[in-house]
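Just below is one structure, and these are the notes that go with it.
Taken together, the values in this text are just the output of simple stated rules run on the coordinates, not laboratory data. Remember, predicted model here, so these are calculated numbers, not experimental data. All Cβ positions, glycine included, derive from the backbone under ideal geometry; neighbour counts span all protein chains shown.
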Amino acid sequence: MPRSDGDAVARFADGSRYRIEIPSCEGPRVFEAVIEEAGAHGVRVDRVSQGSGVMMLTDAEILRMAALGAEHRIEVNLFLGPRGGWDIGAQAAFTASAAGSARGEDAVRACLAEARRAVDLGIRSLLVSDIGVLAELGKRKAAGELPAGLALKTSVLMPLANGPTAAVYEQLGATTLNTATDLTVAQLAEVRARTPAPLDVYVEVPDDQGGFVRHYDVPEIVRTAAPVHLKFGVRNAPNIYPCGRHLEGLAVDLGRERVRRAALVLRLLAERAPDLVRRPAPAATAP
C-alpha cells in the first residue's frame with residue numbers, strides 16, 4: 001500500500017514517488033529485449049504490462065514471463081480475456097469506450113477463467129478493462145479465492161477522468177488506476193485527492209489513445225500524482241494487439257524504444273527536478 005512520510009508526499013511502500021512502466025510487453029522475447037535495453041540505458045523498470053491478453057500466451061510463455069519478473073524484480077501485468085473491441089458486436093467499432101467491455105455473462109466467466117489461469121502460473125498482477133469483471137475479481141479476492149496480494153490494474157479502456165470514478169474503482173477492488181490520457185496536472189491532483197491508490201499515467205500516449213507527448217509535464221506529474229507509474233507508449237507506432245510471431249520483431253523494437261523514451265524522460269527529470277529523481281534501492285522480491 002502507498003504511504004505518506006514527513007514531507008506529506010504520498011509514495012509507494014518502498015519510499016519511491018514514481019515507478020517506470022513499459023506497456024505492450026507482449027511476450028518473453030519482448031520482455032527480454034526490454035530488460036536488455038534497460039540495462040544499456042541504466043533505466044530501472046518496475047512494471048511491464050501486456051495488452052494482447054492471457055489468452056494469447058501459452059503456458060510456457062506465461063511461466064517464462066513470471067520467472068523473468070521474479071529474477072529482475074519487475075511486476076508482470078497481464079491483460080484479461082475477451083473484450084468488446086474483438087467481439088462479434090458492432091458497438092465497439094463506433095464507440096471506443098465499448099472496446100474493453102465484457103459482452104455478456106460468458107465473456108465475464110472467460111475473464112475470470114483467464115485470471116485463475118494466470119494466477120495458477122505465477123502471475124500476481126492483472127489488467128482489467130470491464131467494471132463488472134473488476135467487481136467480480138474484487139469479491140473473489142475478499143473471499144480468499146484469489147491471492148490477497150493480487151494487483152488489479154484498471155485499463156486505459158476503462159474511462160477514469162475524475163476523482164469520484166477513481167474512488168468507485170478502488171471500492172470495487174482496483175489497486176492501481178490508469179487515468180485518462182488527457183488529464184491536466186490539476187485534474188490529476190483532483191483524482192489524487194480522492195484515492196491513495198497508485199495512478200498509472202501515460203507520459204507518451206499511443207496514437208489510438210490520443211498521441212500526446214508529455215515529457216515536460218513529468219516533474220509536476222510526479223509531484224502531484226505520486227505514487228505514480230510513468231507509462232511510456234510510443235507516438236507514431238502501430239497498434240499491435242493481438243500480437244504473435246507475425247509481429248514479434250516489431251513488438252521487440254517498440255519495447256526497446258519505450259525504454260529509450262523512459263531514459264529521455266529520466267534525463268529530463270534529473271535536469272529539471274533533481275530532488276525528485278532519486279529512488280530507494282529495489283525490494284528484495286518482485287512486487
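Quick one: if the Förster radius is 25 Å, what FRET efficiency do Arg194 and Leu268 give, using the C-beta to C-beta distance and rounding to 0.05? Don't jump to the answer; show the numbers that get you there.
Working: r = 29 Å, r/R0 = 1.15.
Approximately 0.30, to the nearest 0.05.
PRE reach from Asn239 (point 7 Å along Cα→Cβ): which of segment 52-94 fall under 13 Å by backbone N?
Residues passing the 13 Å test: 52, 83-87, 91-94.
Gain in length, Arg278 to Ala13, computed as 0.36 nm per residue apart minus the alpha-carbon separation, to one decimal in nm? List each step's numbers first, then the result.
Working: separation 265, 0.36 × 265 = 95.40 nm, distance 1.52 nm.
Fully extending the segment from Arg278 to Ala13 adds 93.9 nm.
Give me the net charge for the shell around Ala33: Cβ to Cβ below 12 angstrom, other residues only, Lys and Arg +1, Asp and Glu -1.
Values: positive: Arg29, Arg256, Arg258, Arg260; negative: Glu26, Glu32, Glu36, Glu37, Glu248, Asp253, Glu257.
Once positives and negatives cancel, what remains is -3.
Tell me which trypsin sites (Lys or Arg not before Pro) from segment 60-165 have a DSSP coil assignment and no more than 16 other beta carbons within 10 Å of their own. Could the numbers behind the result be given before it?
On the way: sites: Arg64, Arg73, Arg83, Arg103, Arg109, Arg116, Arg117, Arg124, Lys139, Arg140, Lys141, Lys153; in loops: Arg73, Arg83, Arg103, Arg124.
Sparse-neighbourhood loop trypsin sites (Lys or Arg not before Pro): Arg73.
Would you report the distance distribution of C-alpha pairs in segment 48-89 as whole percents per 5 angstrom bin, up to the bin with the largest distance?
5, 23, 26, 21, 11, 7, 4, 2, 0
Applying 1/(1 + (r/R0)^6) with R0 = 35 Å to the Cβ-Cβ distance of His246 and Ala148, what FRET efficiency is obtained, to the nearest 0.05? Each step should come with its number before you reach the end.
On the way: r = 39 Å, r/R0 = 1.11.
After rounding to 0.05, the efficiency reads 0.35.
Between Phe31, Ile131, Ala115, whose Cα lies farthest towards the positive end of the dipole of segment 31-140 when Lys and Arg beta carbons carry +1 and Asp and Glu beta carbons carry -1, centred on the Cα centre?
My answer, from the dipole projection, is Ile131.
So, counting K/R as plus one and D/E as minus one, what does the shell of residues with Cβ under 11 Å around Asp200 add up to? If you can, show how the numbers build up before the last one.
Details: positive: Arg19, Arg47, Lys153, Lys231; negative: Glu21.
In short, +3.
Would you mind working out the magnitude of the charge dipole of segment 101-180 relative to its Cα centre, with +1 at each Lys and Arg C-beta and -1 at each Asp and Glu C-beta, to the nearest 20 Debye? If you can, show how the numbers build up before the last one.
Values: 9 positive and 8 negative charges, 30 e Å.
It works out to roughly 140 debye.
Restrict the search to segment 229-258; then list the trypsin sites (Lys or Arg not before Pro) that DSSP places in a loop and that have at most 14 other Cβ atoms within 10 Å of their Cβ. The partial results should precede the final answer.
On the way: sites: Lys231, Arg235, Arg245, Arg256, Arg258; in loops: Arg235.
Sites meeting the loop and neighbour criteria: Arg235.
Could you grab the relative contact order for the chain? Cα pairs under 8 Å, six or more apart, rounded to a whole percent. Display every interim value, and only then the final one.
Numbers: 555 pairs, mean separation 65.4, N = 287.
Across the chain, relative contact order equals 23 percent.
With n ≥ 4 as the cut-off for DSSP H runs, can you work out [θ] at 222 nm for the chain, using -39500 (n - 2.57) per run divided by the number of residues, rounded to the nearest 500? Spell out each step's value before the answer.
Details: 10 runs with 118 residues, N = 287.
About -12500 deg cm²/dmol.
Report the extension gain between Glu71 and Phe94 in nm, rounded to one decimal, defined as 0.36 nm multiplied by the number of residues separating them, less their alpha carbon distance. Before the final figure, lay out the partial values.
On the way: separation 23, 0.36 × 23 = 8.28 nm, distance 4.26 nm.
Full-extension gain reported as 4.0 nm.
Counting Lys and Arg as +1 and Asp and Glu as -1, each charge on the Cβ, what is the dipole of segment 191-276 about the Cα centre in debye, to the nearest 20?
Numbers: 13 positive and 11 negative charges, 30 e Å.
Around 140 debye, computed over segment 191-276.
What size of dipole, in debye to the nearest 20, comes out for the chain about its Cα centre when the only charges are +1 on Lys and Arg C-beta atoms and -1 on Asp and Glu C-beta atoms?
Details: 34 positive and 35 negative charges, 103 e Å.
That gives the chain a dipole magnitude of about 500 debye.
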